[in-house]
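One structure is given here, and the rest of the page talks about it.
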Amino acid sequence: MADALVMALEANFCRVQLDQPGPGGVQQLLCVRRTRLGKTGQQICVGDRVRVEGIDWPEARAAIAALEPRRSLLERPAVANCSRVVVVVALAQPQLDPLQLTRFLLTAERTGVDVDVVLTKADLLSEPEQAQWRDRLKAWGYQPHLLSAHSGAGVEALREHLAQPGIAVLCGPSGVGKSSLLNALVPELALRVSAVSGRLQRGRHTTRHVELFPLAPGALLADSPGFNRPDLPADPAALAVLFPEIRERLGDGGCRFKNCLHQGDPGCVVGSSWDRHPLYLHCLAAAQQQAAREPRLRSSADAAGLKQRGHREEPVLDQRLRTQSRRRRRQSDHEEP
């Protein structure tokens, strides 16, 4: 067996990078997954540490036999063991939406790792407009990186920032320039890029899957498909701690009300005099509506005869339709007099 890192998922295969090169200098293998991993609900993600067996060195093929424990998991896009989440949004074309940016930041904060904000297409805004967004993001609790992949401004500073050992994940809406940013950071990649839709001002999907790319020794960068509607936490009470502004206001003491949702009620230490308070209320209302729907969805799934296996639901097979295994049939034959 050998230890490896999952670099990409390609159809039904996983491409892994070996910790130690094999015979002939083989460094990457194309792997299938053992059936027992799926049966036990173990889903393999890019960034997972795995153990491979049955290696065919001439063909560079193998099978993933075991999955090592994860340190972190970004659920969308699904990347394991990331040490930094980089939320990438455009300042223009498409226009920056503070609510959409907030929802991406909440997704990133849920991982518990460091979160960065990159504002692309800065060359399309004036210097005062750039300074306004920089100051606004600082008030949110982030130190944004403003750059232009077209002119190269700010790219080198971001490359130095991301050159630390670990996995950094680029995530954000479609059309904000993630692939263009990767091409600027790692020019030899030459990833395909696409223009923003002129009529709808929406991005077009050019990245179809998550893949890790080497940026510096020990530093990997993950590109991911864009999406426009990040998920909210299932528990509305878990929303507040994902806002750096609320964490700062709560400090060490916390709010005087244990069940306070920080909606601006009298006596709440968080208050409402901060920029993202209306966005927080919007997300809180959406999370509460989502939580109210989930019990009904679970009861519907139970009524439909579904069971949870890992991260997916499967139909429960009627016992009368189950076939007896060959082993059980042989045992029954031996038990008969």
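The values are calculated or read from the model by the stated rules, or taken from the named source; none is laboratory data. Computed from a predicted structure; not experimentally measured. With ideal geometry, Cβ positions are generated from the backbone for all residues, glycine too; neighbour counts draw on all protein chains shown. Accessible surface areas use protein heavy atoms only, side chains included; no ligands, DNA or RNA. Shrake-Rupley method; radii C 1.70, N 1.55, O 1.52, S 1.80 Å.
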Check your understanding: Identify, please: which residue in the stretch 168-204 is hydrophobic (A, V, I, L, M, F, W, C) and surrounded by fewer than 17 Cβ atoms within 10 Å (Cβ to Cβ) and is, among those, modelled with the lowest pLDDT?
Key -> LEU200
Revision key, fill the gap. Of the candidates ASP231, ASP252, the one satisfying the condition of being among the acidic types (Asp, Glu), modelled with pLDDT of 80 or more and part of a loop (DSSP other than H, G, I, E, B) is ASP231
Study note, to complete from the structure: Pairs returned, first residue in the stretch 12-37 that is among the small types (Gly, Ala, Ser), second residue that is open to solvent by 70 Å² or more (accessible area, probe 1.4 Å), beta-carbon separation under 7 angstrom, 6 or more apart or interchain, are GLY22/TRP57; GLY24/TRP57
Review point. Could you give every pair whose Cβ atoms fall below 7 Å, whose first residue belongs to the stretch 87-107 and is more than 21 Å from ALA168 (Cβ to Cβ) and open to solvent by 20 Å² or more (accessible area, probe 1.4 Å), and whose second residue is outside any helix (DSSP H, G or I) and small (Gly, Ala, Ser), counting only separations of at least 6 or pairs across chains?
Key: PRO94/GLY175; PRO94/GLY203
Review point. Quick one: which of VAL85, VAL16 is closer than 30 Å to LEU125 by Cβ, out of contact with any Pro (no Cβ under 7 Å at 6 or more places or on another chain) and part of a strand (DSSP E or B)?
Key: VAL85
Practice item. Scan the stretch 28-75 residue by residue and report those that are under 20 Å from VAL113 (Cβ atoms) and of a type in the set (Gly, Ala, Ser). Key: GLY47, SER72
Exercise for review: Scan the stretch 215-222 and give yes if some residue there is more than 29 Å from PRO165 (Cα to Cα), over 19 Å from the mean Cα position of the chain (by Cα) and either modelled with pLDDT of 90 or more or open to solvent by less than 70 Å² (accessible area, probe 1.4 Å) (or both), otherwise no.
Suggested key: no
**Study point:** Single match in THR107, THR111 (criterion: part of a helix (DSSP H, G or I), among the β-branched types (Val, Ile, Thr) and either closer than 26 Å to VAL155 by Cα or in contact with an Asp or Glu (Cβ under 7 Å, 6 or more places away or on another chain) (or both))
**Key:** THR107
